[in-house]
1. Restricting to region 168-212, what's the tally of residues that are touching a helix residue (DSSP H, G or I) at 6+ places or on another chain (Cβ under 6 Å), of a type in the set (D, E) and at pLDDT 95 or above?
2. Out of T148, T104, report the one residue that is buried (at least 21 other Cβ atoms within 10 Å of the Cβ) and among the hydroxyl-bearing types (S, T, Y).
3. Confirm whether A11 is more than 19 Å from the chain's Cα centre (by Cα), outside any helix (DSSP H, G or I) and modelled with pLDDT under 55.
4. Mind checking which residues of region 47-81 are hydrophobic (A, V, I, L, M, F, W, C) and open to solvent by 10 Å² or more (accessible area, probe 1.4 Å)?
5. Are there any pairs with C-beta distances below 6 angstrom linking a residue in region 17-46 that is closer than 20 Å to N198 by Cα to a residue that is modelled with pLDDT under 95 and open to solvent by 40 Å² or more (accessible area, probe 1.4 Å), with the two at least 6 apart or on different chains, and if so which?
6. Which count do you get for residues in region 184-233 that are surrounded by 15 or more Cβ atoms within 10 Å (Cβ to Cβ) and among the acidic types (D, E)?
7. Given the condition of a type in the set (F, W, Y) and closer than 17 Å to Q122 by Cβ, answer yes or no: does some residue in region 157-174 qualify?
8. Restricting to region 77-106, give me the number of residues that are in contact with a Ser or Thr (Cβ under 6 Å, 6 or more places away or on another chain) and either within 24 Å of P159 (Cα to Cα) or among the β-branched types (V, I, T) (or both).
Amino acid sequence: MPTHPADGSDAAVVAEVPDQVMAGAAVYSRRILAAYDLWVLGFVCSAVWRCPRRYMLRQYDRNVGRRHLDLGPGTGFFLDRCAFPVDRPHLVLADLNEEVLRKTAGRLARYRPVMYRRDVLQPLELGTARFDSVGMNFLLHCMPGGITEKAVVFDHVLPYVAPGGRIFGATVLAHGVRHGRLAPKALESLNEDEVMSNRNDSLADLDAALAARFESYQLRVRGSVAMFEVSVV
């Protein structure tokens, strides 16, 4: 797998990752990833979170740029289907889980993506790279800590976003959103199993984290999911 570490080896970067962060990343095994599109993006998003995947795909279509960085790309479902503004975008993927990188890179081989194995809670060390867009779909709710701690990911990507660039993503929240009947039990179970870490994540905290960093952003709620879009000055 052609990963491209910057300023040191990937092994050195991963060695510093806390156990709780590693545990969250390790959930996405080859078996889980094989069922992810159908089960999570197909059934759970619609029936449990009440945010069908088409809304996230539209968010990609609105925001994805010629040079795109995706943090926590999952299976590459949205990158495989979204409308890039050019035929040959420059695509960079960053994730702590090698299975995720392998799965996504294979699916998106036509774009020849560059891959970095990174913990997004730490500085990304991407050298001189600059991007027109950064996606972080369903990333925050997998990260340990509260929104205040997780929001450091915005600080880590900002140095790599070109003026006028976009940062966007979606996350399942525990508080301040409109949960359906199935969501509360699902949230409890997924947090208990360490698939998610969002028991304390709230819309108010996400709004405050964005407002503290950006002059222009949009925050939409659909079911249990908050979708954010940022314009970088």
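The values are calculated or read from the model by the stated rules, or taken from the named source; none is laboratory data. The structure presented is a predicted model; accordingly, all values stated were derived computationally and were not measured. As a convention, Cβ positions derive from the backbone with ideal geometry for all residues, glycine included, and neighbour counts pool all protein chains shown. Keep in mind that these areas ignore ligands, DNA and RNA; they rest on the heavy atoms of the full protein, side chains included. Shrake-Rupley method; radii C 1.70, N 1.55, O 1.52, S 1.80 Å.
1. Selection size over region 168-212: 2.
2. On the way: T148 fails: buried (at least 21 other Cβ atoms within 10 Å of the Cβ).
Result of the check over T148, T104: T104.
3. no
4. Of everything in region 47-81, those that are hydrophobic (A, V, I, L, M, F, W, C) and open to solvent by 10 Å² or more (accessible area, probe 1.4 Å) turn out to be A47, V48, L57, V64, F77, F78.
5. Note: pairs meeting the criteria are A23/E194.
6. Residues flagged as surrounded by 15 or more Cβ atoms within 10 Å (Cβ to Cβ) and among the acidic types (D, E) within region 184-233 amount to 4.
7. Yes: one or more hits.
8. Total satisfying the criteria: 1.
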